[in-house]
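The structure appears right after this line, and notes come after that.
The values are calculated or read from the model by the stated rules, or taken from the named source; none is laboratory data. This one's a predicted model, so the numbers in the text were calculated from it and none came from an experiment. When we count neighbours, we look across all protein chains shown, and the Cβ atoms used for this are built from the backbone with ideal geometry, even at glycine. Just so you know, the surface numbers come from the protein's heavy atoms only, side chains and all, with ligands and any DNA or RNA stripped out. Shrake-Rupley method; radii C 1.70, N 1.55, O 1.52, S 1.80 Å.
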Amino acid sequence: MTLQAATKGRVLEPADADFEPASKPWNVAVPQSVAAVVEATDADDVASVVRYARKEGLTVAVQPNGHGASGNADGVILLRTKALQTIEVNAAERTAKVGAGVSWGQAQAATEAHGLTGLPGSAPVVSVVGYTLGGGLGWFARKYGLAAHSVRAFDLVDADGNQQHVTADSDADLFWALRGSGGDLAIVTAVEYGLYEAPGLYGGALAWPADKAADVLATFKEVTAQAPDELTLWFGRLEIPNGPPPMVAIQAAYLGDADAGQALLAAFDKLGDPLQDTRQERTLAELAAITNDPTDPSPGKGRSSMLTSLNDDVTETLLDGSLAPLLALQLRHTGGALAAAGPDAGPHGSIAEPYLLYAFGLPLSPELAAGISTKLDEYEAKLGDNVSGRKPFTFLTGGESASDAFDQPTIERLRQLKRDRDPANVFRSNYPVLD
Ligand SMILES: Cc1cc2nc3c(=O)[nH]c(=O)nc-3n(C[C@H](O)[C@H](O)[C@H](O)COP(=O)(O)OP(=O)(O)OC[C@H]3O[C@@H](n4cnc5c(N)ncnc54)[C@H](O)[C@@H]3O)c2cc1C
């Protein structure tokens, strides 16, 4: 049997005219040289492709779009799930079930109509399933935890090509693993997750000239030290090559009414006139406009660190000198429900670190890519013991592995599950647990 005979979907191989664009990831800086691309049409089709791969001794990597591409998909069958577009909202039960091709922007538009929200991150084009399988650390994580912790069930295809409905009761081990360790154990065709009432949303972005950076960071530290879990703040430094002068920014989202949100952010009003202030009452659909993340395919190279403290050594490092050749540095306030999660919640367990740092640049040439790596190394060295050493799975980057996200007992448990559930290594996640 040929691959084309195993699927109702389009198959593209290297000789085909459209192969090149179809095989590339959203992060265009990540090299990817796959053997074939399959655009699956539905869950049955996914199962059929898996059975074919299993029989032929081939490997399948799922990539709805490639936001999280890591450069390890060479030689695989690349499975695109864009056609799996189911969105079912059960407002009475406060749940949504979405297919593996649905983006957060689409899912939120459907649940917002009922005054309900899921737990998206900053980018509306990221897939709900890919983000959630990696944990998913979004704007409302301080209030409700990782997106993965709200999952009720997964519809999936296992390594034998069988379709299963997996819940905490039906398969506790697999359910635990899928809530944070990525896509190394199964292909998820749909996820069902709990929704939350959104009483209101207030937020936006503030920006000042870079010479205010020390004051803005000090105020960020003061406000985050007392913030209720409904409030999430991100501090940022931005240096756009050949763009406007360097800036310092605050991005904020508050789950509640505008007056309370304004009061919680009042300390920033004392810092003088900002260059930009987009704080306002928002609809859930306008959440993504707080950061305006790129939606078109873009190059990016970054690294994350979980900070155990925002002490003077850390703030000095974050404020020191130019970012170049980096584009931006972003410090997210974590804590709240992330810290309160128990070990059964999923492989991340409790995320007790109070801040997450993400620094990145645009690797537009090999020289720039090398310069970005050097600068990221410098930050890591300077932050020293103030970094906990593990990272959220969805913030891993090329060159890192799943073992950078989890402690030793957790990675051992995941490896055992991989050996038990996918002994032939049919599935290859962007960050495989056995690496
Ligand atoms: C602009 C931008 C902003 C982001 N913001 C946030 C944020 O705020 N918070 C956060 O936590 N993360 C964030 N991320 C990271 C993002 O959540 C991860 O990269 C996530 O893995 C992307 O999922 P995807 O399916 O869209 O990407 P893809 O690269 O297509 O998939 C990523 C991986 O997920 C697995 N996968 C995807 N679908 C399936 C499936 N159906 N079955 C099995 N495995 C599957 C595969 O292993 C795949 O390699 C951001 C990324 C970008 C590019």
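Pairs of Cα atoms under 8 Å, at least six residues apart: use those to get the relative contact order of the chain, whole percent.
Rounded, it is 18 percent for the chain.
Quick check: residue separation of ASP160 and SER373 times 0.36 nm, minus the Cα distance between them. What number comes out in nm?
Result for the pair: 72.7 nm of gain on full extension.
Once both labels are modelled 7 Å past Cα along the beta-carbon direction, what's the ASN90-ASN242 spacing in nm?
Each label point lies 7 Å from its Cα, and together they span 5.4 nm.
Mind checking the alpha-carbon convex hull of the chain and giving the volume per residue in Å³?
132
Suppose accessible area is computed on protein heavy atoms with a 1.4 Å probe; arrange MET306, MET247, MET1 from highest to lowest.
From most exposed to least exposed: MET1, MET247, MET306.
Give the ranking of LYS24, LYS8, LYS55 by solvent-accessible surface, highest area first, calculated with a 1.4 Å probe.
Values: LYS24 75, LYS8 130, LYS55 155 Å².
Order by accessible area, largest first: LYS55, LYS8, LYS24.
Run the accessible area of region 201-395 with a 1.4 Å probe and give the carbon-and-sulfur part as a rounded percent.
Percent of accessible area from carbon and sulfur atoms in region 201-395: 52.
Mind grabbing the accessible area of ASP215 for me, 1.4 Å probe, Å², rounded to tens?
Solvent-accessible area, nearest 10 Å²: 80 Å².
Relative to the longest principal axis of the C-alpha atoms of the chain, give the angle of the C-alpha long axis of helix 213-226, reported between 0 and 90° and rounded to the nearest 10°.
The helix 213-226 is inclined about 70 degrees to the chain.
Just to confirm the number: angle between the C-alpha axis of helix 366-383 and the first principal axis of the chain, 0 to 90 degrees, nearest 10?
60
In nm, to one decimal, how far is the modelled label at ASN425 from the one at GLU380, with both set 7 Å along Cα→Cβ?
It works out to 2.4 nm between the two label points.
Largest first, how would GLU286, GLU239, GLU367 line up by accessible area (1.4 Å probe)?
So, going from the largest accessible area down, we get GLU367, GLU286, GLU239.
Considering amide H positions built from the backbone, and no H for Pro or chain starts, which residues 5 or more places from TYR355, or on another chain, come under 5 Å of its amide H?
Hits under the 5 Å cutoff: LEU307, THR334.
Give the cross-link partners of LYS301 among the lysines, using a straight C-alpha distance below 17 Å as the criterion and excluding same-chain residues fewer than 8 apart.
Those lysines meeting the cut-off are LYS24, LYS375, LYS391.
Counting only helical runs of four or more DSSP H residues, what would the 222 nm mean residue ellipticity of the chain come to if each run contributes -39,500 (n - 2.57) and the total is spread over all its residues?
That comes out to -7000 deg cm²/dmol.
Can you give the accessible area of ARG51, probe radius 1.4 Å, in Å² rounded to 10?
The accessible area of ARG51 comes to roughly 120 Å².
May I ask you to list the residues of region 81-119 whose amide nitrogen lies under 13 Å from a point 7 Å from Cα along the Cα→beta-carbon direction of THR2?
none
With all protein chains present, calculate the accessible area of GLU353 using a 1.4 Å probe and round the result to the nearest 10 Å².
Here the residue's solvent-accessible area equals roughly 20 Å².
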